[in-house]
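This report concerns only the one structure given below.
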Amino acid sequence: MIEIHQFACLSDNYGYLVHDSASGETVCIDTPDAGVYLDEAARRGWTITQIWNTHWHADHAGGNAAIAAATGATITAPAIDAPKIAGVTRTVDGTREGGDTVTLGAFTIRVLAVGGHTLGHVAYVFDDVPLADGTTGTLAFVGDSLFALGCGRMFEGTPVQFWDSLSRLKALPAATRVYCAHEYTASNARFALHADPDNAALIAYAGEVEARRAQGLPTVPTVLAREAATNPFLRADDPALQARWGGGDAVATFAALRAAKDSFR
């Protein structure tokens, strides 16, 4: 079965260790803080064998070298971003026909191209795997491409690329558990309510976010179906949002929303 250990690191990142109980393999999904990752793995008695990077930014790949030096872990990174990441063992490209895959024990995990935040950004998708809580489910580790009630800044990509990426994520099963890399949900909720003030599901979700954060609880992971109904960046194809934000199509509406969020206070 697959076990997921989520923990806070740096100022607002989440770290993820994913463990296959049958093989004993453990993968780091990104490496914001090497020391915290090594400590958390040791605390659980897990040996880190792999690192999978979603993109090149330092708060996602900055711990690679120290973790690899301590454990001998291999490093997998997106092909386009790999020149900016030290020590890469293997590159993957989610844009290839059929997509690339990675493995954890006997499990095969899909690599999904989700560029926009960076050109080569990828997500890692576990399809219908057995989980430690006794259920099965689809898991998506999405880095900074998609957040609860938000999406990453468009540092390198284009609106067309980023909307295509979000559409690819939106097409995953509705029950997919989405593991994003930062605790940005309260801030994202404020913009989402500005962007889509009449959305009853969003209003309810924002209230739950406020309550959880007041108790110091995480809002991640989120569930794709809820994001599809409330996250304005996933709803740029909705006629009501298009009417409010202009543009007449999903790409233009996404671009207008992303620009507005960049300057929102």
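The values are calculated or read from the model by the stated rules, or taken from the named source; none is laboratory data. Note that the structure is a prediction, hence the values are computed from the model and not measured. Cβ: placed from backbone, ideal geometry, glycine included. Neighbour counts: every protein chain shown.
Taking A66, is it among the aliphatic types (A, V, I, L, M), under 15 Å from the mean Cα position of the chain (by Cα), over 16 Å from L172 (Cα atoms) and not in a loop (DSSP other than H, G, I, E, B)? No: the conditions fail for A66.
Of all residue pairs spaced 6 or more apart or on separate chains, those with beta-carbon atoms under 7 Å, a first member in the stretch 52-73 that is within 24 Å of G152 (Cβ to Cβ) and in contact (Cβ under 8 Å) with a residue 40 or more places away in the chain and a second member that is crowded, with 21+ Cβ neighbours inside 10 Å and small (G, A, S) are T54/A123; T54/G143; H55/G120; H55/G143; H60/G143; H60/A181. The set of residues from the stretch 6-49 being surrounded by fewer than 17 Cβ atoms within 10 Å (Cβ to Cβ) and closer than 18 Å to G143 by Cα comprises Q6, F7, A8, L10, S11, D12. Would a scan of the stretch 74-82 turn up a residue that is loosely packed, with under 15 Cβ neighbours inside 10 Å and closer than 22 Å to I51 by Cα? No, the conditions are met nowhere in the stretch 74-82.
Which numbered condition in (1) surrounded by fewer than 16 Cβ atoms within 10 Å (Cβ to Cβ); (2) of a type outside the set (S, T, N, Q); (3) under 19 Å from N53 (Cα atoms) is the only one that A175 fails? Going through (1) surrounded by fewer than 16 Cβ atoms within 10 Å (Cβ to Cβ); (2) of a type outside the set (S, T, N, Q); (3) under 19 Å from N53 (Cα atoms) one by one, A175 breaks only (3). With respect to (1) within 25 Å of V125 (Cβ to Cβ); (2) part of a helix (DSSP H, G or I); (3) among the aliphatic types (A, V, I, L, M); (4) in contact with a Phe, Trp or Tyr (Cβ under 8 Å, 6 or more places away or on another chain), the lone exception for L234 is condition (4). If we scan the stretch 88-105, do we find a residue that is modelled with pLDDT of 95 or more, closer than 17 Å to G143 by Cα and touching a Gly at 6+ places or on another chain (Cβ under 7 Å)? Scanning the stretch 88-105 turns up no residue that is modelled with pLDDT of 95 or more, closer than 17 Å to G143 by Cα and touching a Gly at 6+ places or on another chain (Cβ under 7 Å).
Output the number of residues of the stretch 4-20 satisfying the condition of being of a type in the set (S, T, Y) and touching a residue at least 60 places away in the same chain (Cβ under 8 Å). Summing the residues that are of a type in the set (S, T, Y) and touching a residue at least 60 places away in the same chain (Cβ under 8 Å) in the stretch 4-20 gives 2. With respect to (1) over 22 Å from I4 (Cβ atoms); (2) at pLDDT 95 or above, the lone exception for T108 is condition (1). Return yes when A192 is free of Cβ contacts under 8 Å to residues at least 60 places away in the same chain, part of a helix (DSSP H, G or I) and closer than 21 Å to T253 by Cβ and no when it is not. Yes: the conditions hold for A192. Kindly indicate the residue of the stretch 211-265 that is hydroxyl-bearing (S, T, Y) and at pLDDT 95 or above and also surrounded by the most Cβ atoms within 10 Å (Cβ to Cβ) among those meeting that condition. Filtering the stretch 211-265 for residues that are hydroxyl-bearing (S, T, Y) and at pLDDT 95 or above, the one surrounded by the most Cβ atoms within 10 Å (Cβ to Cβ) comes out as T253.
Scan (1) of a type outside the set (V, I, T); (2) surrounded by fewer than 16 Cβ atoms within 10 Å (Cβ to Cβ); (3) in a loop (DSSP other than H, G, I, E, B); (4) touching a Ser or Thr at 6+ places or on another chain (Cβ under 7 Å) for the single condition D198 breaks and write down its number. The single condition D198 does not satisfy is (4). V102 passes every criterion in (1) within 25 Å of D20 (Cβ to Cβ); (2) over 18 Å from the mean Cα position of the chain (by Cα) apart from (2).
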